[in-house]
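The values are calculated or read from the model by the stated rules, or taken from the named source; none is laboratory data. Being a predicted model, the structure only gives us computed values, none of them experimental. When we count neighbours, we look across all protein chains shown, and the Cβ atoms used for this are built from the backbone with ideal geometry, even at glycine. Please note that ligands, DNA and RNA were not included when accessible areas were found on the heavy atoms of the full protein model with its side chains. Shrake-Rupley method; radii C 1.70, N 1.55, O 1.52, S 1.80 Å.
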Amino acid sequence: MEALLRQRDLMEIMNVSRATLWRMLRYQDFPKPVILMGCKRWRSEDVALWIEARKSV
C-alpha cells in the first residue's frame, strides 16, 4: 500500500509554510491530492517525483 502524506507532512518535507504550500498547489504543477472521507492526502510517490523534477529545473 502506498504512503499518503498529510498537509503537515508536506510542510515538514518541503520546509514551507501553509500559505506557501497552498500557493504552490494553486500556481504550480503540484500533484493533486486524493480526497479520503473529506481529508486531502498526497501520494508520497507523486510528491517525491515532483521534488526530483524541480531539482533539475
- prompt: Give me the pairs: first residue in region 1-22 and within 21 Å of residue 35 (Cβ to Cβ), second residue charged (D, E, K, R) and not in a helix (DSSP H, G or I), beta-carbon distance under 7 Å, and six or more apart or on different chains, which are they?
  reply: 2/43; 4/41; 4/43; 5/41; 6/41; 7/40
message: Tell me yes or no: at least one residue of region 18-30 is closer than 15 Å to residue 3 by Cβ, part of a loop (DSSP other than H, G, I, E, B) and either open to solvent by less than 80 Å² (accessible area, probe 1.4 Å) or not acidic (Asp, Glu) (or both).
response: no
query: Are any residues in region 1-11 surrounded by fewer than 11 Cβ atoms within 10 Å (Cβ to Cβ) and either modelled with pLDDT of 90 or more or in a helix (DSSP H, G or I) (or both), and if so, which ones?
result: 8
- request: Residue by residue through region 32-54, note down the ones that are closer than 12 Å to residue 14 by Cβ and out of contact with any Pro (no Cβ under 7 Å at 6 or more places or on another chain).
  value: 48, 51, 54
query: Of the residues that sit in region 40-57 and are among the hydrophobic types (A, V, I, L, M, F, W, C) and open to solvent by 60 Å² or more (accessible area, probe 1.4 Å), which one is modelled with the lowest pLDDT?
result: 57
